[in-house]
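Contents: one structure, followed by commentary.
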Amino acid sequence: MKNIKVKIILAIESSCDETAAAIVRINGAKAEILANVVSSQIDIHKQYGGVVPEVAARHHVINILPVIMEALQKSRVNKNDLDLIAVTAGPGLITSLIVGVEAAKALSAAWRIPLLAVNHMYGHIAGNFLQPILFPAVCLVVSGGHTEIVVMKDYVNNKKIGQTVDDAAGEAFDKVAKLMDLGYPGGPIVSAKAEEFINTNSKFKNQIKLPRPMLDKPDFNFSFSGLKTAVLYAAQKLNPKEKKSRTSEICHEFQNAVIDVLVGKTIKAAKKIKAKTVLLAGGVAANKKLRESLKAAAEEKGFKFSVPEFKLCTDNAAMIGLAAAQIIRNKKVPLDNYKKIVVDCGWELN
Amino acid sequence: MIKKTHSEKETYDFAKGFAQKLMGGEVLCLIGDLGAGKTAFTKGLAAGLGVKGIVTSPTFVLMKIYDVHNRIKEMAHIDAYRLSGGQELINIGAEEYFKDKQCVAVIEWADRIRDIWPKDCLKIYFKILKGDDRIIEIKK
């Protein structure tokens, strides 16, 4: 076993429908992104209203090596300069994860560079690590497949204290978009419709009211399944003509309901653990209204607030590199570690 | 078998009891609209089988597998909401769980994948009545 002082990391991410590779350089206490390449399959999966695992896997196979080579070229880093390879090993779609993990293992063995498995959700959180964070912190992680509140003692010690008991927030956006016939992915579309409602002087100002599920419960869990059903009932009450003209109103109220619950519970958790910082992460953190609302609520209560820039919110490999940069500060990665790495599609944060 | 329930809790409890009758190897095809009680039924079923932890929606990943430390070893929770046919489920290996005698497979929105229903599957229909009243019908 050889302890290697890490300076340059190649990070690989293929947990869902984005094939991604990045080069991250550690420079003292700071980490910087030298290249961040993402090949998205959104256009391919649009027709299915969601990611189709087997189709995604086929595209990962085609894209994985070109994406890795592009990241090396863009950063002008030679493979001989690499000190570590980091790869997302879960959670995610098993058929997608396998492509990135097996590619990383092959490169680790062939290039003789140690390989580290990184949790995708921790990666999302690490999108915040370009700037120093004051701990303890509470992080709200929201994506298409997850909605979690994570308490962080420091960069690497974290504990999940709450999660959705049914649908993830991003999934609720997708389902609402589908039942309102708006298309896929639902997040940006529903959010744009909500914005449209704010910008028009509708005569139906906020007449539709939706519930704020679990907001008053003492725990830190979420539920969005019932909210989606409430949207369906609200839409069913309208005649076809009204449904069309009032779609933006429903989207506006739906988005507000989701954000009220996400913000309310996160701030409650931050107060409870006497956090110094509130973090936001995950694909849904790209939602402008959520970013603004959580920032305002956190700062009003005296917490510092951090959210990654947009391109580090949706799936990417730079966040996996930033996560690895923190993990290896306290952990040695042996050269033959690749032999032990297996995909874990249900890998939970502790 | 036909059962009328009057609340989500009652649907959950009914499924929890129903789980005791399962031997392993069953494929349960759940059919019903949004809000009809498929999720409540699945959560109750999981509790009845002895699944520990929270059963969350598998819509995003299509299938989630839960360990059961019992005569039944696993519960496969499948969601066909996004699908228009069964081929995609076959591609991710769902059929292996249908044939496994130590596994119970439960498929939400099963009407979307009729093409791959096993011959001996149990069809469970959910109908929304007034308010929170639901009719649950189980057919061979």
Please name the residues of segment A:226-255 whose accessible area, counted over protein heavy atoms with a 1.4 angstrom probe, falls by no less than 40 Å² between the chain alone and the full protein assembly.
A:Tyr233
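At 1.4 Å probe size, with the rest of the protein present, what percent of the exposed accessible area of chain B is carbon and sulfur atoms?
Values: 3270 of 6500 Å².
C and S atoms contribute 50 percent here.
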Neighbourhood charge, 14 Å Cβ-Cβ cut-off, centred on A:Glu148 and excluding it, Lys, Arg +1 and Asp, Glu -1:
-2
Could you give the nm distance between label points at B:Lys21 and A:Asn157, where each point is 7 Å from its Cα heading toward the beta carbon?
5.1 nm
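Tally Lys and Arg at +1 and Asp and Glu at -1 over the other residues with C-beta under 12 Å from the C-beta of B:Ser7: what net charge comes out?
Numbers: positive: B:Lys4, B:Lys9, B:Arg134; negative: B:Glu8, B:Glu10, B:Asp13, B:Asp132, B:Asp133.
Here the charged neighbours net out to -2.
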Just tell me which lysines come within less than 17 Å, Cα to Cα, of B:Lys3; anything on the same chain fewer than 8 places away is out.
B:Lys16, B:Lys21, B:Lys38, B:Lys123, B:Lys127, B:Lys130, B:Lys139, B:Lys140
Buried by at least 30 Å² relative to the chain on its own: which residues of segment B:89-123 qualify, computing accessible area with a 1.4 Å probe on protein heavy atoms?
B:Asn91, B:Ile92
Binned Cα-Cα distance frequencies in segment A:46-120 - 5 Å width, integer %
3, 15, 22, 24, 18, 10, 5, 3, 0
Among A:Cys16, A:Leu65, A:Ala86, the residue whose Cα sits farthest towards the positive end of the charge dipole of the protein assembly as shown (+1 at Cβ of Lys and Arg, -1 at Cβ of Asp and Glu, taken about the Cα centre) is A:Ala86
In a shell of Cβ-Cβ distance under 11 Å around A:Leu280, excluding A:Leu280 itself, what net charge do Lys and Arg (+1) and Asp and Glu (-1) give?
+1
Per residue, the convex hull volume that the Cα atoms of the protein assembly as shown enclose (Å³):
150 Å³
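Per 0.36 nm of contour for each residue apart, how much would the distance between B:Ile90 and B:Asp115 grow if the chain were fully extended, relative to their Cα-Cα spacing?
That works out to 7.9 nm of additional length.
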Calc'd 3J(HN,Hα), segment A:219-227, phi into Karplus 6.51 cos²θ - 1.76 cosθ + 1.60 (θ = phi - 60°), Hz, glycine/Pro = x, comes to 7, 10, 8, 10, 8, 10, 5, x, 5
Any chance you could list P(r) for segment B:2-139, counting all Cα-Cα pairs in 10 angstrom bins from zero, rounded to whole %?
13, 47, 35, 5
Approximate spin-label separation B:Lys3-A:Phe310, in nm, with each point projected 7 Å along Cα-to-Cβ:
4.9 nm
In square angstrom, rounded to the nearest 10, how much accessible surface does A:Ser223 have for a 1.4 Å probe?
20 Å²
Note to self: with every protein chain in place and a 1.4 Å probe, segment A:135-250 gives an accessible area per residue in Å² of 44 Å²
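For the pairing of chain B with chain A, what total accessible surface becomes buried, with a 1.4 angstrom probe, in square angstrom to the nearest 100?
Values: alone 7430 and 15730 Å², together 21330 Å².
The summed interface area works out to 1800 Å².
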Rough spin-label spacing in nm, given labels placed 7 Å along Cα→Cβ, for A:Met69 and A:Ile198:
4.5 nm
Treating the angle as unsigned and between 0 and 90°, give the value, to the nearest 10°, between the Cα long axis of helix A:186-199 and the longest Cα principal axis of chain A.
40 degrees
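Which order do B:His6, A:His124, B:His69 take when ranked by solvent-accessible area (1.4 Å probe, heavy atoms of all protein chains), largest first? Provide the component values of the computation, followed by the final result.
Details: B:His6 95, A:His124 0, B:His69 170 Å².
From most exposed to least exposed: B:His69, B:His6, A:His124.
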Paramagnetic label zone (point 7 Å from Cα along Cα-to-C-beta, A:Lys7; backbone N under 17 Å) in segment A:296-336:
A:325, A:329
Roll a 1.4 Å probe over the protein chains and send me the accessible area per residue for segment B:2-139 in Å².
45 Å²
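The values are calculated or read from the model by the stated rules, or taken from the named source; none is laboratory data. If you're wondering where the values come from, they're calculated on a predicted model, not measured in any experiment. Cβ: placed from backbone, ideal geometry, glycine included. Neighbour counts: every protein chain shown. In case anyone asks, the SASA skips ligands and DNA or RNA and just uses the protein heavy atoms, side chains included. Shrake-Rupley method; radii C 1.70, N 1.55, O 1.52, S 1.80 Å.
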